[in-house]
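Right, one structure below, let's go through it.
Every read-out reported here was derived from the displayed coordinates using simple, explicitly stated rules and does not represent laboratory data. Since this is a predicted model, take the numbers as computed values, not measurements. All Cβ positions, even for glycine, are placed from backbone atoms using ideal geometry, and neighbour counts span all protein chains on display.
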Amino acid sequence: MNEFSKALDVSTSGLKAQSSRLRHLSENISNADTPGYRRKTIPFRTEFDAGGGVAKVEVGRVSLDDRPLERVFDPSHPLADGTGHYEGSNVDLLIELADAREAQRSYEANLKMFEQARQMSSGLMQLLRR
Amino acid sequence: MFQNLTVFETAHAMAVHAGQRQAVIAQNVANADTPGFVARDLQNFQSAFASSDPMQSAQRATRPGHLHGAAVPVSNPMIGEDRSFAAPDGNSVSLETEMLRATDAKRQHDRSLAIYKSALNILRSSLGRQ
C-alpha cells in the first residue's frame, strides 16, 4: 500500500465519519418537535488499521442524550398530563446547527486532503508522459 | 553530474518524504474531531535525509546497547506534538496548521518532481534523443 493510497483511504474514512455525523444531526433536527424524542449522539474514535499502519477514524455506537426532556405547557395536547404539560424532545437547535457547521468544515477539509493526494499522485503519473 | 546520478536519488527521497507527510497530515485531518487524538508530523526533509544519507557513512547508534553514545531513533522519525493547544476533549489538531502543512507537502512534492523531470531532460539531451 503506497503512501497516496493510505492518504486517500484515511481521507475517505474521515468523509464517511463526517457524513454519518451529519445524517444523525439531520435526524435530530427533523425530530426537534417530536414528543419524547431524545437526541442521538455518535462518538468518533481512532481505529488503527493494522495492514496499512494508518489511524483511520471510525464511528462508534449511537447513544441517546439523557438530558431531561423539555416540559411543554399545552393542556389541549393529547399527551398532556394532569398539570397540562407534555414532554417534548431534548433537541437544542442551536447546538445541532453549530455541530452541523463543524461537520461541514471538517468534511471540506477532508475533501481538500483527498483532492490534494490525488493531484500529487497524478503529478507523479505525468512523469511517465512525454 | 551523471557519474552516480545522486540527483535522482535525492529527488526520489524528497518525493517519498512528501508523500509520507501527506499521509500523516491526512490522518490528522480525518481525526480532527476524534477526542484524545494527538496531531503528528514528520521531521522535515533536510534532517530526515541528512540522517539517512548514504554519503555520510558514519556509524549510528540505533539501540541503547550500541557503542556510539546515545541512541537516536532513526527508524521512526514521527514526532508527536505537545498537547498545550489541545481542545477540552484532548484533541490537538488545528485544521489551519494542517492545511499549511499540506500545502507545504504538496509544494515539496511538486518541487521534487520538477527536479526529477528536469534532470531527466538533461540526461535525455545528453544522449542525443529529443
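Is it the case, given these coordinates, that A:THR46 is more than 19 Å from B:ARG40 (Cα to Cα) and surrounded by fewer than 19 Cβ atoms within 10 Å (Cβ to Cβ)?
no
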- prompt: In the set A:ARG101, A:ARG105, A:ARG21, which member is assigned to a helix (DSSP H, G or I), charged (D, E, K, R) and surrounded by 17 or more Cβ atoms within 10 Å (Cβ to Cβ)?
  reply: A:ARG21
- request: Please find, among A:VAL91, A:VAL72, A:VAL62, A:VAL54, the residue that is among the β-branched types (Val, Ile, Thr) and within 9 Å of chain B (Cβ to nearest Cβ).
  value: A:VAL54
message: I'd like the full set of residues that are within 20 Å of A:MET113 (Cβ to Cβ), assigned to a loop (DSSP other than H, G, I, E, B) and hydroxyl-bearing (Ser, Thr, Tyr), limited to the stretch B:77-127.
response: B:SER92, B:SER94
